[in-house]
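Below is one structure; the comments refer to it alone.
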Amino acid sequence: MEYFKKEVEVAGKKFIVESGKVAKQSSGSCTVRIGDTMVLVAAVASKDPKPGVDFMPLTVDYRERTYAAGKIPGGFFKREAKPRESEILVSRLIDRSIRPMFPEYWRNDTQISAIVLSHDGENESDIASIIGASVALYVSDLPFNMPIASVRVGKIDGKLVLNPTISEQKLSVLDLVVSGTEDALTMVEAGAQELSEEDMLEALNLARETIKAICLVQKSFPTKVKTIVHEPQYNASLKADIEAEAIAKAEEGVTIKEKGEREFFWASFKKDITTRLVEKYPQELVSTIDAILEDIFYKKARELVLNKKVRTDGRGLEEIRPITCEADVLPRAHGSSLFIRGQTQALVTVTLGTPGDMQVMDELSGEYKERFMLHYNFPGFSTGEAKGERSTSRREIGHGNLAKRSLIPILPNEEDFGYTLRIVSDILESNGSSSMASVCGGSLALFNAGVPVKAACAGVAMGLMKEGDNYVVLTDIMGMEDHLGDMDFKVAGTRKGITALQMDIKITGLTTEIMAKALEQAKRGRFFILDKMDVAISVPKNDLSDYAPRMATLMIPQNKIGELIGPGGKNIRKIQEENNVKIDIEESGKVFISGTDSVGVGATKEYVESMTAEAEVGKVYKARITKLMSFGAFAEILPGKEGLIHISQLAAGHTKKVEDVVKEGDKVKVTVTEIDDKGRINLSIKAAL
């Protein structure tokens, strides 16, 4: 592996790429550094194709070493364990960026490992990892002949910003990650604050120009001799025998509208012809016959759309499948909905929790609490498969994250709605775009839960079939169109603009013209779905569910936090037990009180306010006489705060004995007349009269 070190400048920031120094037994490797963030990426592939597979067996593992940020891992075992969700999401970004660039028939096990070696807390490692994966593959002997690059685009104060830092991203209304070659885009992932299609396209074009420049620099890097991938050669007689029967059957099968009937028809034919051909050609593998049959079905399904402009289920190119929306479908959930589009069903629930239910996130950039969670589940029965539920798959994490990003912009501010929110989307049936069904169902469930969201949000999956200059953009693709098509392009948003966008492409790139058409077509589809959702529920409910916790918030002085908690938590435990509530306190002094009884929550709020309040001169209080003395009486005006009522201030006239006017336990009105420099409080009943 030849050593080289190059600098690539992007918007005034230097990417330093170094190869041939470390990990030299891999097929290709490099380090990429921006600021003090550094990533090592290595690529390895098996020597021979993996037998019996009809896809590219690519695995990408992005891992963050905690030493990169000068930290020791938390937990009992002081070492990195299974990847966190954030690591899985970056792994998927890398995979989706590079997968389209491999030859169609590459079947060798391929592994990309990206390891964060240093992290400065300001420069993200995901962009460096994608560029690093491209360099590692491009300089290797693997059949990766066209480099890619990636860039992040933000929008701050109305201006587009390339590769914004972590602190700058907090001010941005756009988080767009784009990968591509010097000619076209290969992957897009975005979250946005209701950005218009025109603004999104402008950001994509800026990203494309930047990507082109980085790709051209990579082309100057030294490379090894590339492995040549040959297209499989089939027995001519076998192929002719298959085509004699299969072409007509495929033409018939691709026009069967119902998914189950279509799959049964084609599977039955495949079984019958395979049985006969195995007897005639005993030397041929069953997998070879299957590959030829699938190739015929693939071509006929695409011809139907590209040449006849007809879809398998008979819909128009922009027609959306029948939609059914239902809210409040579960009796005890805080909010619920069932969203059905064609043969895709999402049962979505909303659960409201207290600040104590927030998820603690321990990332390289620092620890923080996550107020909003969205969990997506894709059980086997949703597609008629017999498979058990084990750990959460990478696909489930990715789809859940897309739905989450779609809904975040419509959520109320924490100051206005202090609840922790958890959405769960259980996919009960799937035939395309269950992540977008989760967005629609999530929006409906939020409305049903009484969460004061800013607007309704919907999503739609777009598809593409392209042969040369002939292409067709499809709205609301079903599973077969996703499998046979060249693009899966998901767009979510409100009527005001886009909130999330995700694109995966199987061909070598996507032009700006196609992207613009897809965005505009998706907008029409999104508006159609929003109209359907409005029929079910058009505004958030006025009240929360009877089963949802009630919450009150208040601010107390920071120096009063210890007093509220008490020694060993004695005070706060007593308050919680007496009122059947839960109290969460932030370091800022913000107090959250929650419980199932609104009366108890209100009473607790009043008590905490009085307990942590400071006495004010001139203010009238309801006091309780706690102790009598010869010179006056002591009275409690606030929990734990007492003052002295001098005998001369007990009544309007002259008082001989204190006992003549008050006794212990009496409730009286007093005015604070003085607070001396030692904090002693003087009170007066006479002044209050």
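Entry remark, the stretch 151-174: residues being in contact with a Gly (Cβ under 8 Å, 6 or more places away or on another chain) and of a type in the set (S, T, N, Q) number 2 in total. Within the stretch 459-478, is there a residue that is closer than 30 Å to SER588 by Cβ, assigned by TED's automatic domain parsing to the domain that holds VAL329 and either of a type in the set (Gly, Ala, Ser) or in contact with a Ser or Thr (Cβ under 7 Å, 6 or more places away or on another chain) (or both)? No, there is no match, as no residue in the stretch 459-478 is closer than 30 Å to SER588 by Cβ, assigned by TED's automatic domain parsing to the domain that holds VAL329 and either of a type in the set (Gly, Ala, Ser) or in contact with a Ser or Thr (Cβ under 7 Å, 6 or more places away or on another chain) (or both). Every residue in the stretch 573-605 that is exposed (fewer than 14 other Cβ atoms within 10 Å of the Cβ) and on the phi > 0 side of the Ramachandran plot, please. Selection gives ASN580 alone. Of the residues in the stretch 499-521, at least one is in contact with a Gly (Cβ under 6 Å, 6 or more places away or on another chain), among the polar types (S, T, N, Q) and surrounded by 16 or more Cβ atoms within 10 Å (Cβ to Cβ).
Before we move on, is GLU194 within 23 Å of ALA456 (Cβ to Cβ) and either hydrophobic (A, V, I, L, M, F, W, C) or outside any loop (DSSP other than H, G, I, E, B) (or both)? Spell out the reasoning first.
Details: within 23 Å of ALA456 (Cβ to Cβ): yes; either hydrophobic (A, V, I, L, M, F, W, C) or outside any loop (DSSP other than H, G, I, E, B) (or both): yes.
Yes, satisfied.
Identify all residues within the stretch 355-380 that are part of a helix (DSSP H, G or I) and touching a residue at least 40 places away in the same chain (Cβ under 8 Å); write none if there are none. Full working, then the answer.
Taking the stretch 355-380 and keeping what is part of a helix (DSSP H, G or I), we get 355-357, 380.
Passing the criteria: PRO355, GLY356, ASP357.
For ALA250, the stated conditions hold: it is of a type outside the set (Asp, Glu), part of a helix (DSSP H, G or I) and either at pLDDT 95 or above or in contact with a Lys or Arg (Cβ under 6 Å, 6 or more places away or on another chain) (or both). Filtered by the rule that a residue be crowded, with 17+ Cβ neighbours inside 10 Å and under 13 Å from PRO147 (Cβ atoms), the stretch 201-216 gives ILE211, ILE214, CYS215.
Scanning the stretch 192-251 for residues that are of a type in the set (D, E, K, R), closer than 30 Å to ASP295 by Cβ and without any contact (Cβ under 8 Å) to a residue 24 or more places away in the chain turns up just one, LYS249. Scanning the stretch 154-181 for residues that are over 23 Å from ASP61 (Cα atoms), within 18 Å of the chain's Cα centre (by Cα) and buried (at least 18 other Cβ atoms within 10 Å of the Cβ) turns up GLY154, SER172, LEU174. Looking at the structure I just gave you, is LEU564 of a type in the set (A, V, I, L, M, F, W, C), surrounded by 13 or more Cβ atoms within 10 Å (Cβ to Cβ) and in the same structural domain as LEU411 (by TED's automatic domain parsing)? Answer is no for this residue. If the condition is being under 30 Å from ASP141 (Cα atoms), surrounded by 15 or more Cβ atoms within 10 Å (Cβ to Cβ) and of a type in the set (Val, Ile, Thr), then the stretch 223-277 contributes THR223, THR227, VAL229. Applying the set (1) within 19 Å of SER610 (Cβ to Cβ); (2) surrounded by 10 or more Cβ atoms within 10 Å (Cβ to Cβ) to GLY679 leaves exactly one unmet item: (2). None of SER129, SER140 is within 21 Å of the chain's Cα centre (by Cα) and either within 27 Å of LYS212 (Cβ to Cβ) or without any contact (Cβ under 8 Å) to a residue 60 or more places away in the chain (or both) except SER129. HIS483 fulfils the conditions (1) buried (at least 19 other Cβ atoms within 10 Å of the Cβ); (2) without any contact (Cβ under 8 Å) to a residue 24 or more places away in the chain except for a single criterion, (1).
The values are calculated or read from the model by the stated rules, or taken from the named source; none is laboratory data. Model, not experiment: these values are computed from the prediction. All Cβ positions, glycine included, derive from the backbone under ideal geometry; neighbour counts span all protein chains shown.
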